[in-house]
1. Cβ neighbours within 10 Å, averaged per peptide: list 747-757, 363-373 in order, most packed at the top.
2. When ranked by the protection proxy of mean other Cβ atoms within 10 Å per residue, highest first, what sequence do the peptides 521-528, 691-698 form?
3. Shape verdict for region 660-738, please, from the Cα gyration tensor: rounded (a/c under 1.5), prolate (a/b greater than b/c) or oblate.
4. Give me His43, His622 sorted ascending by neighbouring Cβ count inside 10 Å, so fewest comes first.
5. Can you give the relative contact order of the chain as a percent, counting alpha carbon pairs under 8 Å and 6+ residues apart?
6. Quick one: length gained pulling Ser686 to Phe452 fully straight, 0.36 nm per residue minus the C-alpha distance?
7. What list of ³J(HN,Hα) couplings, whole Hz, do you get for region 131-148 from phi and the Karplus terms 6.51, -1.76, 1.60, once you set θ to phi - 60° and write x for glycine and proline?
8. Of Pro28, Gln128, Phe61, whose Cα points farthest to the positive end of the dipole of the chain (charges on the beta-carbon: +1 Lys, Arg; -1 Asp, Glu; origin at the Cα centre)?
Amino acid sequence: MKLNYYQLISLAGLLHDVGKIKQRAELPIKNEFNWTYCPEDEHHKSKYVHAAHTADFLDWFIDRFKIETDEQENNLVNIAAYHHKRGDGGALEEIIKKADRLSSGFERESSDKSGKYKEDRLESIFSQVWLNKKPKTHYYPIKELSFDITPEEKPSSDNKKEYKRLYENFKNDLQKIKKDQQFDVFWDAVEHLYEKYTWAIPSSSFYSYPRISLFDHSKTTAAIAQALYGFHKSGNTLSAEKVRDVKENEFLLIQGDFSGIQNFIFSRMGESNKFAAKILRARSFFVSLATDLVAYEICRRLGLTKAAIIMNAGGKFTLLLPNTPESIETIYAIEKETNEWFEDITFGETRMVIAFVEASDKDFQSGAFSKKMEELVSKLEINKLQPKPTKIVFDDYLKNISANGVCKVCGKHPAREEGSTPICELCNKFKQWGEKLVSSDFFSIQGKKDGFLKWFDVSFKKDNNALLIFDLKNNDEFKGFAKTRISGYVPRVTKEDDDFGKYKDFEEYSGVGSIKTFAMIAEDAKTPNQKGEFVGEGFLGILKADIDNLGRIFIEGFKDNISISKIVSLSRMMDLFFTGWLQNIIKNEFKSVYTVFSGGDDLFLIGPFNQIVELARRINKHLKDYTKNDDIHISCGIYFAKDKIPVYQMAEESEFMLEKAKGKGKDRIGVFGRVVKWDEFEEMMSDEKIEYYLSEISNSFRYSLYQYVNSIERLNDKSKTARDLMWKPLFLYQVYRNVDKDLRADFIESFIEYFEKYGGDFYIPLSYYIYKNRRK
Ligand SMILES: [Zn+2]
C-alpha cells in the first residue's frame, strides 16, 4: 500500500503510542536498532522506552501491509517513533511531537521511570465532569471494548497479562484486514480495532494522572497532526522550526449539524402507516449516513484522511482541518451543495448547518479549549436561526404529479408509477433500504454512479474498490471491516412466531425473518397469564429520551482540566451507551422493540407498551451504573398508542411528554400523562405488593380506585368536592365490600400509605396493571 503524506501522518499520529501496550505487556524489543528511538538520560539509560516498542510494532505493521512511501527517510517508523527525541527529526517528526502535546492540553509531564504506569487504570471520563457535585472517581479495568462496560472503584485485573492479551488480539485482528484496498476502508478498520483494544488503556505514562484514554489521545493526535501538515504544506512552511514556532491560527474546528431531523424522519407516512416500519428505519439510517458522508466528502475533497473527523454522533459531526483558504472554500461549497440536495429530497424540512472557528496552539491549553468549544457551539446555534433558503418552484414538480399522482407514503414526491400503493422513487428506495438493512451483513459506499445520494452510491454488500465498507452486524466478531454504529435493531418475525401463526392474518405479513410491522409489535404487548390466555392491551409504547444538560456538561463540566481528547472521549463514551449497550440489550432482551434512532445523546424507540416501560427502567438504571455520576441523568417521555395512529403524531405526543418531564426539573419520566422522578417511578414499579393486591381484587373495584386517586389529587386544589374530602371513609367502605377479609387489614394499611405517599402518581402503577391484564 503506497501512502501519501496525509495518510502517512494520520497513521503515524494514530499509532505513535502503540508501543505502550507492548511495553506494559513486558514483551522484548525484537529489533535492537529500535533502541535508537529512545532518548538517553544523563546515565545513558534509555528514557521513553515505549518509543522503541512503537518502532518494533510498526516494523511488523509495515511488513504486514506492505506500506511504502515516496522518500526512504520519511517512513512510518521514523515519523511515529521519533516523537520523544529532541531536535534531530524533520518537520514530520516535529508535527507528531507537537500534536502529541496539543492533544492532551499540555498536561504536566512526569517521568515514567517509577513503573507505576504499569499498574494504572484509566479514570472514567464520567468521573471527570460535574456541574453540582464532584463525583467519586471510578476506573475501568484494562480490557477490550464490549457492550457491558461499567467503571469500578477498584477494578482488579492482572494488568501485565491483560496488556499481553490485548496486544496479541489486536495483532491477530489486524491480520484480518486486507492488504490491498482503498486507504479509507483500511483506516476505518484500523481505527475501529484501535478503539476496541485501547479505549481503556491510560495514555498517561508521561502525565500525572491516568485520565486520558490511549485511543482518544491517539485519535486526536492524528487529527491535529494531519491539520498541522496541511497548514504548513499549504503555506510552504514545512520545516521543524516553523512547525515549532508558528504563532498563527493553524486550525479550523468545524461542526455540522442536521437540523429538522425529526420532521424528516416522521414526516407523513400515509394513511395506514403502510411500510412505516421499513421506511422509518431507513430514513433514520439515511440521516446518520448523510451526516457521515458530508463529513467524509469534506475530507475527501481536501485530500485529507478520515482522521479529521474527531466526533460524529447523533446527526452531528466535528472536524479538525488545516486553516487554509481551500478548507474554508470547501466547507462553504459543501454546505451549499448539501442544502440544495436536501431541498430536493426533503423540501426544506432538513438542513445542514455548518459553523467553524479558527484555533491556535494556545487554544488547546486546558482552560482555553472550553472557550473554543463554546464559541463553536454558539456560532452553530446562530447559523441555525438564520432563514433557510428555499427554492420557490421545484423543478418539474407539478408536471410529474399530474402523471401518476402523489406518493401515498410521504405525500410529497410524485409517485413513480401507479399501483395499489403509488409510491415515489425516494420512498421506494427507503423501503428497499429498510429491508436490506436487516438482511445484509455489510454496506459499501462508492463514488457516484446513480441513485439519489449526492456524491456517493450505497450498496448492501462488500464491494471491491468501494471507498468505504462497513460491517452492519452489532456483535463482537471482527470480519476485517469497521462496524457501523448507525444501524439500529429492528424486530423480525421469528420461527416460533410463524409456527404459532401469530401474525398470519396481519397486513404485510411475509413470513420468518420479515420486519415486524407496528401492528405486530403492538400484538407482542399481549402476554399469557397463568391460564395461558393472552391478556393485555395491544398498545405501542413510544419512548423519546435524552441526556439532561449535556451541552453544559461538555463546556463547563471539566472545569479547568479540559482538553480536546477528553471532549472526544466524552462524546464517544456517551454515544456508546446508546449505540452499544442499549442496542445489545434490545437485541437480547427486548426483542420486540424497534429503534427509530439511538445515538449521540438521545433515542427514540417504539415497542410493545410493557416492554417499553421495562426498558425505560433499565436505561435509567444502567445510565447510573455506566456513569456513576449524579449530574448525568436522562429525561424520558412515553406515550401509548394504537398502531393505527400516524407515526408523526406518536412522535409529537412522546416529545410532548419528554418536554413535560424536562419542564418539571429533568431527571424524570413522563408516562400515563404524569411526570414523576425516576426514584419514585422505580419504587412504584418495583413494588411487587402493588401488583399482588391488584390481582386479588375484582376488575370493577380496580377501576373504582381511580376515583380515590383523583380525589387525593384534587385535595390541594380549588376544584375539590365534598366527596373528595370524604375519600378515606368511602375507600374503607368499599374495601369492606370488595376485599377478602384475610387480606383486608393489609390492603387498607398499604393503600392508604400508597395514596398518601404517591397521590395522583399512583395512577401509573394502577394503569400499568390494568393495561397489562385487560382481557378482551
Ligand atoms: Zn414518497
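Readers should treat all values here as calculations from the given coordinates under stated rules, not as data from a laboratory. Only a predicted model underlies this, so the values are computations on that prediction, with no experimental measurement involved. Glycine also receives a Cβ, built like all others from the backbone with ideal geometry; neighbour counts cover every protein chain displayed.
1. Taking the mean over residues of other Cβ atoms within 10 Å, the ranking is 363-373, 747-757.
2. Packing proxy ranking, top to bottom: 521-528, 691-698.
3. oblate
4. So the residues, fewest neighbours to most, are His43, His622.
5. RCO, the chain: 13 percent.
6. Net length gain for the segment: 79.3 nm.
7. Each residue of region 131-148 in turn: 10, 10, 9, 4, x, 5, 6, 10, 10, 9, x, 6, 7, 6, 5, 9, 6, 10 Hz.
8. Gln128
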